[in-house]
């Protein structure tokens, strides 16, 4: 299996377009804060599909899937009804059984929300950790390496559980 | 206006019960990861109401409201359909215009998810930062101080935007 | 197995309390129209549990579950953030493999929405129709018979698919 | 203002594509029943936009908006994770202040759900009924007239509230 380099964004940044509907908003007049997680799920599912590694394939061929293990969200600007948004997805880190993404949601005025997402590869049966299958890891690593050098990064954060208060 | 100390949980931990319905789950058979944010919103709204500082009051009397500015979630264990969950809400920090909470969702087997939430007080008109009104700040501070000494804490995390990669 | 008559509402109307949170509303300032379906699901799940026939039991003991087959909703009045709502659930009809409910959502000013729901009993394996297990059917029939005579009813509606236009 | 006939689907049926993500499904392994209402909202918003009558325009230029007044849904077949769906939107009836649509959600195997939707035109201020602005009514009527003669139709159903039981 060879990697089709053409399918990987040249700058390592996958872009996905979203329109804001009533279902996404709340009585504050802006997009409900949990909606950005739904947007990010859609965008990273399509990013994987565009890489040639659809999630359904991972499940069928290798019996593994990605699950969200840790999330961070910075809310910068409230998106509004009917606005056109883009979600940019970048691979920050690829390990044996986990990966880290940064996903940035923007409207025409700038950044609305930035998500740091740690995904774990788990076996569908038994829910135990599993290795990211090689064809996936290669593509994700290539996408990772194409990110512009010196660009802003994202650092794993201390767990909200373990830090003494 | 005097603080009714009786209304503040003796150990500084507010508890809220939730049942898992189909609406909360996904095809993975467990609670969808964004659902925990909805659970946390319900729990902290009721925590504020039980403190005697309902959110609607803040809006009407002082023209300010709380908005989520930063979120962190650690996912530990998938909650399932029909399970009875509790959400524990603790005040970690109270500032002039922001506060930090930790919210822990548990099922009978242990911790499902831990959320660190930074809320900003903003003016309803104009969406500019506003000070947390004194009666609110006093109660929140009292609730903060009742948390068991030496218990686990939560530290503000570096922004996912600013850290160089 | 005998029916505990005490567990069935004397007037055949089960009542369930709900509070409106931001998650439930939209930018129109009222509860999003699809949210009433989530409210109704919670209320009828609790109505079944209170009857002594929790849904999880049906699945485990009989291998069947209820699925929504047809829905009608009349929207009367927009519920708002922070309002206390009640959902009243009535059994209108119990057949061998289906039942019909009416669920009425009210705020302090009156009716917000009325839902007519036809549920089918289906086998968990294979998704084929199954008979409603006897203990369930008896309780549901008793609840049906307690509804006040002459009260407003609900009639199956012509399918939106079959009627010539 | 003239109607651009080219923007109206030749057969009066607007088609909108949707992919199923985890956010849309439930623990039953299929699309959650309330999700179809969200899909339908997206599809009819885009149908209006494609007609050249974006909803935001109605609000800004005429101070009116569409609200859902009555809904019917027939559930035929459960859509699954990752499936590609289409939503077909047809105008069945256009009145002075209301219109009726039928929206059909299909996967590759056939119909998943059919929705009958009655929308009312209401004033943004005061929430009172308002007339559908002429440019909108003309386009909607043209779209209505293009539906294939003899095709399946949809009949207003008796209200779930008024019918004696």
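Rule-based calculations on the coordinates, nothing more; no lab input. Please read these numbers as outputs of a predicted model, since none were measured by experiment. In this analysis, Cβ positions are derived from the backbone assuming ideal geometry, glycine residues included, and neighbour counts consider all displayed protein chains.
Shielding by partners for peptide B:43-49, expressed as the average number of C-beta atoms from other protein chains within 10 Å of each residue's C-beta, is 2. For the residues of A:72-78, the average number of beta carbons from a partner chain within 10 Å of their own beta carbon is 6. With a 10 Å cut-off around each Cβ of D:29-41, the average count of Cβ atoms from other chains is 6.
Between copies, the label points at residue D:141 (set 7 angstrom from Cα along Cα-to-Cβ) are spaced 5.5, 6.6, 6.7 nm, reported in nanometres from shortest to longest. Entry for the range C:95-138 at q = 0.26, 0.30, 0.33, 0.34 Å⁻¹: log10 I(q)/I(0) = -0.88, -1.02, -1.10, -1.12, Debye formula applied to identical alpha-carbon scatterers, no solvent contribution. Against chain C, whose longest principal axis comes from its Cα atoms, helix C:134-145 is set at around 50 degrees. Cα centroid separation, the range A:89-139 to the range A:5-25: 15 Å. The fraction of all Cα pairs in the range C:67-146 landing in successive 10 Å bins from 0 to the largest distance is 18, 39, 28, 14, 1, given as whole percents. What the Cα convex hull of chain C gives, in volume per residue, is 145 Å³.
Among B:132, A:8, a tally of other beta-carbon atoms within 10 Å of each Cβ gives an order, fewest to most, of A:8, B:132. For residue B:49, the point set 7 Å out from Cα toward Cβ sits 1.8, 3.6, 4.0 nm from its twins in the other copies, listed from shortest up.
Across chain B, the mean sequence separation of Cα contacts (distance under 8 Å, 6 or more residues apart), normalised by length, yields a relative contact order of 27 percent. Here is how far apart the residue A:11 label points are across copies: 4.1, 5.2, 6.5 nm, shortest first, using a point 7 Å from Cα toward Cβ.
So what's the range D:46-94 giving for Cα Rg divided by 2.2 N^0.38 Å, two decimals?
With N residues counted in the range D:46-94, Rg over 2.2 N^0.38 Å equals 1.54.
Treating r as the C-beta distance of residue A:84 and residue A:7 and R0 as 25 Å, the FRET efficiency rounds to 0.50. Only Cα sites of the protein assembly as shown enter the Debye sum here, all with the same form factor; the resulting log10 I(q)/I(0) across q = 0.06, 0.08, 0.10 1/Å is -0.35, -0.64, -1.03, listed in q order. Applying D = kT/(6 pi eta Rh) to the range A:1-73, where Rh is the Kirkwood radius over alpha-carbon pairs, T corresponds to 37 °C and eta to 0.692 mPa s, the Stokes-Einstein value obtained is 225 µm²/s. Compared with the dominant principal axis of the Cα atoms in chain A, helix A:35-50 is inclined by about 40°. By other beta-carbon atoms within 10 Å, ranking B:25, C:86 with the fewest at the front produces C:86, B:25.
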